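Have a look at the structure below, then the notes.
Here, each number is a calculation from the coordinates, and none is a lab measurement. Values in this document were obtained by computation on a predicted structure and should not be read as measured data. Here the Cβ is made from the backbone with ideal geometry for all residues, glycine too, and neighbour counts use every protein chain on show.
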Amino acid sequence: MASIYDKLVSDLNPHNLRYLFYLVTPNETTYNTVEEIPNILEPATTWMLILVVLEFLLLDEKKYAFNDTVTSINAGILSLLMKIGGRYLSAAFYAPLYDRIHIIDLPKNSPYTWILCFFTQDLAYYLGHRAVHEAGVFWSFHQMHHSSEYYNLSTALRQGAVQDFATLFFDLLQAVAIPPNIFVVHRYLNLIYQFWLHSNAVPYLGPLEYFLNTPSSHRVHHGRNPYCIDRNYGGTLIIWDRLFGTYEPERQDEEIAYGLVTPVASFNQLWCQFFEFKALGYDKGQMRDENGKEIFPGLLNKVKAALWPPGYFPGVKTKYFFMWLYMDDNTEGIPKIEYPVVPYNPPLATPLRIYLLLQWSCVGKLRLQQISLCNCSRPFHMGHTVRDLRHCIYSHCLLTSIDRGYNGH
């Protein structure tokens, strides 16, 4: 069995760095069967962690915070541990669904099929991403990714643990035509590409901004300034936003404030991941005005409160897109940013910081083991799922035990 050192040397081969930028060819990433697809995510994850550490050491200290960074990495770990059998839901269920519903037999080893899937997967990502922003309580599946008040490479790792359940449908739409061996590769490459978008160090990229999703475009997406809300949903490409009217360029005369419209002000992993389900699914429907009158009276209005846009209130104009409603004016109800912006960052004494770092590192072996098990192509087996769930619970208990420390207690 290869040592951790050997694994790191293998993963950090510059050849693997190309995957972070989608710089691969159809020939080298086309496989005859799903089972032949290597674990694309593993070497990419190693590069991601190395780049996070380098950025942490090199960037201005105001761009990073220790407790926020660890919370982001923990969220990425929890997201990996929640995968069914170590895979994204869509990758787990795509092949059997394709066998039952596909109506077009595209060649499985053609570069043209590969190129077509590059576009269909990115469109599927756009639709799913837009849905989890605009379709009411579905925002709860995704808001964890936006909860950091910092914007750096570690933010890319801050994923919603159960987001796959909300976006599964859009990936599976491709099963009417795209072969599984092509889909699975693009499902992972599309996600991996988005890592480098979470950077404040990369400037506006000129002509590339017209068709590629870039750090500049994605900074807008993560902003809580009124003009940033519900904008720039693209994954690899920005053309869908331009086509469907959700594109917004970064403004050089207005500093972007990151995070949720109402900052969560906590590093408790469990709370950050799931608090919005109650807030949108129940609390919003129970709201009353200053006179004590229900804002959403009756069952139907309470359902609207949960499923219509997160910012929806009676009187707000909405429009249909695909299968859900979105707000006609994306800035309505969004407060202006008050500068200077001071992110939530409780001070940590150096001894506590060292203790938390050591305790957090104690689960490193488990994390590396679990990442190595996240094979996108291994056959689905209930035993894998049960084992992964056991690891998930154990690891999450360890991570939760030091959450109070991250919050300065």
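Backbone geometry of segment 307-312 corresponds, through the Karplus equation with coefficients 6.51, -1.76 and 1.60 at θ = phi - 60°, to 3J(HN,Hα) couplings of 10, 7, x, x, x, 6 Hz, x marking Gly and Pro. Set against the 2.2 N^0.38 Å expectation for a compact globular protein, segment 96-243 has a Cα radius of gyration ratio of 1.08.
Any idea what the alpha-carbon Rg over 2.2 N^0.38 Å comes to for the chain? List each step's numbers first, then the result.
Numbers: Rg = 21.3 Å, N = 409, 2.2 N^0.38 = 21.6 Å.
Ratio of Cα Rg to 2.2 N^0.38 Å: 0.99.
Name the most mobile residue of Ser266, Ser361, Ser217, meaning the one with the largest mean-square fluctuation, in a Gaussian network model of the chain with Cα contacts below 10 Å. Ranking Ser266, Ser361, Ser217 by mean-square fluctuation puts Ser361 first.
Ratio of Rg to Rh for segment 186-323, alpha carbon only, Kirkwood? Show your work: numbers first, answer last.
Details: Rg = 18.0 Å, Rh = 17.5 Å.
Radius of gyration over Kirkwood radius for segment 186-323 works out to 1.03.
Here segment 55-165 was treated as a single set of alpha-carbon atoms; its pair distances binned every 5 Å from 0 give 2, 10, 14, 17, 17, 14, 12, 7, 4, 2, 1 percent.
Scanning residues 5 or more positions from Leu212 or on other chains, those with amide H under 5 Å from its amide H are Ile238, with H placed 1.01 Å from N in the peptide plane. For segment 163-231, the alpha carbon positions stretch 37, 25, 18 Å along the principal axes, listed from largest to smallest.
For Lys304, a cut-off of 20 angstrom between C-alpha atoms picks up these lysines, skipping any fewer than 8 places away in its own chain: Lys278, Lys284, Lys293, Lys317, Lys319. Rounded to the nearest 500, the 222 nm mean residue ellipticity of the chain from helices alone is -14000 deg cm²/dmol, with -39,500 (n - 2.57) taken per DSSP H run of at least 4 residues.
Using unit Cβ charges (K, R positive; D, E negative) and no other charged atoms, how large, in debye to the nearest 20, is the dipole of segment 154-308 about its Cα centre? Don't skip to the answer; put the middle values down first.
On the way: 13 positive and 15 negative charges, 75 e Å.
Using Cβ point charges on Lys, Arg, Asp and Glu, segment 154-308 gives about 360 debye.
Placing unit charges on the Cβ atoms only, positive for Lys and Arg and negative for Asp and Glu, gives the chain a dipole magnitude near 860 debye about its Cα centre. A simple rule links phi to the HN-Hα coupling: the Karplus curve 6.51 cos²θ - 1.76 cosθ + 1.60 with θ = phi - 60°, which for segment 269-281 gives 4, 5, 5, 4, 6, 10, 4, 5, 4, 6, 4, 8, x Hz, with x for Gly and Pro. Peptide packing: for 101-112, 133-144, the average count of neighbouring Cβ atoms within 10 Å per residue gives the ranking 133-144, 101-112, highest mean first. Solvent-free Debye calculation, one equal scatterer per alpha-carbon of segment 1-55: log10 I(q)/I(0) at 0.23, 0.26 Å⁻¹ equals -0.99, -1.12.
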